[in-house]
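Here's the structure, in structure tokens; my notes come after.
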Amino acid sequence: MLFSPGDRPDRSQLLAAIEDMPLAAITHDPAEQAATSSAGCDAEGRQPGEWLELLQSGMTFDLLGLSPGPSVASPTISHRLACDAHFDPADHEAIALFPGPHLADGANSLPIVRAMLDLACGIARRVDGVRTICWSPARSAVAMPMFCQSVEQWLEGGPFPALGLTSFALDERGAMRSEGLAHFLGQELSIAPELASDRIAATRLGARLVHDLVASGPLDAPREFIAEDGLGFLLSPSENASQIEVRRM
């Protein structure tokens, strides 16, 4: 979550936000522990008050970068959605949410992703100053209202938030490739150049495919995909299975 310089929330603001979130709780508050002991930095060198361990839907997540401690380093961003024309992540300060250590091996599983995004959007809606939310697997930055709206619709049974949790760009051949889908499948989309010549239509197709593939899992054999407009497409895993190639049937 990115903020203008000096706008990052402190511990007290996060405590107030979490108190207003019925499915969230604080499971570890280093500042509270330090007040009753001589505890200082933890094993990672973090000071009490700079971070919290939070519980959402039975899973724990670490929130780092609270003021007045140092900002978390801004992520590398290659794709921007609904951001200001001159948006630069380097001009912002960041707090970041990570799966707790015991969740690290399954951090790309849908239950963990859903819980983490639910928690992130709950915080973003209740803490002043969140301008942009970044998703590092897709190297994407999305204006906070748009990001949270798409995530909340997904959590309520709507489409997967493909524009944000994945990104799309043309490669040197003119094919449209996704970025970020591999976080969920271990595979990325490659939409054939003849389909990608209309970038808007290709992006819409990519978003539909991402929604379908995240639900169905990795592709290990060719299969057909029929779009809502009745057009048919052939999905085929590449030779090394790292890509899903998309062509017209």
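The values are calculated or read from the model by the stated rules, or taken from the named source; none is laboratory data. Worth saying up front: this structure is predicted, and the values here are computed from it rather than measured. Cβ coordinates were reconstructed from backbone atoms using ideal geometry, including for glycine residues, and neighbour counts include every protein chain displayed. With ligands, DNA and RNA removed, areas are computed over all heavy atoms of the protein, side chains included. Shrake-Rupley method; radii C 1.70, N 1.55, O 1.52, S 1.80 Å.
Checking each residue in the range 128-142 for being over 15 Å from GLU93 (Cα atoms) and in contact with a Cys (Cβ under 7 Å, 6 or more places away or on another chain) picks out only SER140. Annotation: of all residues in the range 159-171 being assigned to a strand (DSSP E or B) and among the hydrophobic types (A, V, I, L, M, F, W, C), the one that is nearest to the chain's Cα centre (by Cα) is PHE168.
Taking the range 169-193 as the range and being farther than 15 Å from PRO237 by Cα, open to solvent by 30 Å² or more (accessible area, probe 1.4 Å), without any contact (Cβ under 8 Å) to a residue 60 or more places away in the chain and in contact with a helix residue (DSSP H, G or I) (Cβ under 9 Å, 6 or more places away or on another chain) as the test, the residues that pass are LEU170, ARG173.
The set of residues in the range 134-151 that are under 21 Å from ALA16 (Cα atoms) and in contact with a strand residue (DSSP E or B) (Cβ under 6 Å, 6 or more places away or on another chain) contains only MET144. For the range 194-220, the tally of residues that are farther than 24 Å from GLY158 by Cβ and either free of Cβ contacts under 8 Å to residues at least 24 places away in the same chain or aliphatic (A, V, I, L, M) (or both) stands at 5. Does the range 227-249 contain any residue that is in contact (Cβ under 8 Å) with a residue 12 or more places away in the chain and touching a Gly at 6+ places or on another chain (Cβ under 6 Å)? Yes, the range 227-249 contains at least one residue that is in contact (Cβ under 8 Å) with a residue 12 or more places away in the chain and touching a Gly at 6+ places or on another chain (Cβ under 6 Å).
If I ask for residues that are among the charged types (D, E, K, R) and either modelled with pLDDT of 95 or more or surrounded by 14 or more Cβ atoms within 10 Å (Cβ to Cβ) (or both), which ones from the range 221-247 would you list? ARG223, GLU224, GLU245, ARG247, listed by residue number. In the set (1) within 29 Å of ILE123 (Cα to Cα); (2) over 23 Å from the mean Cα position of the chain (by Cα), GLU156 fails one condition alone, (2).
Would it be correct to say that VAL113 is open to solvent by less than 20 Å² (accessible area, probe 1.4 Å), more than 24 Å from LEU15 (Cα to Cα) and either assigned to a helix (DSSP H, G or I) or touching a residue at least 12 places away in the same chain (Cβ under 8 Å) (or both)? Answer is no for this residue. Of all residues in the range 52-66, which are at pLDDT below 95 and surrounded by 19 or more Cβ atoms within 10 Å (Cβ to Cβ)? Matches in the range 52-66: none. Among the residues of the range 194-219, those that are part of a loop (DSSP other than H, G, I, E, B) and open to solvent by less than 30 Å² (accessible area, probe 1.4 Å) comprise GLY217, LEU219. Can you spot a residue in the range 125-138 that is crowded, with 21+ Cβ neighbours inside 10 Å and more than 23 Å from HIS86 (Cβ to Cβ)? Within the range 125-138, not a single residue is crowded, with 21+ Cβ neighbours inside 10 Å and more than 23 Å from HIS86 (Cβ to Cβ). Looking at the range 68-97 only, could you name the residues that are under 19 Å from ASP128 (Cβ atoms) and in a strand (DSSP E or B)? Passing the criteria: VAL72, GLU93, ALA94, ALA96, LEU97.
With respect to the stated conditions, VAL142 fails to be assigned to a helix (DSSP H, G or I) and closer than 20 Å to ARG208 by Cα.
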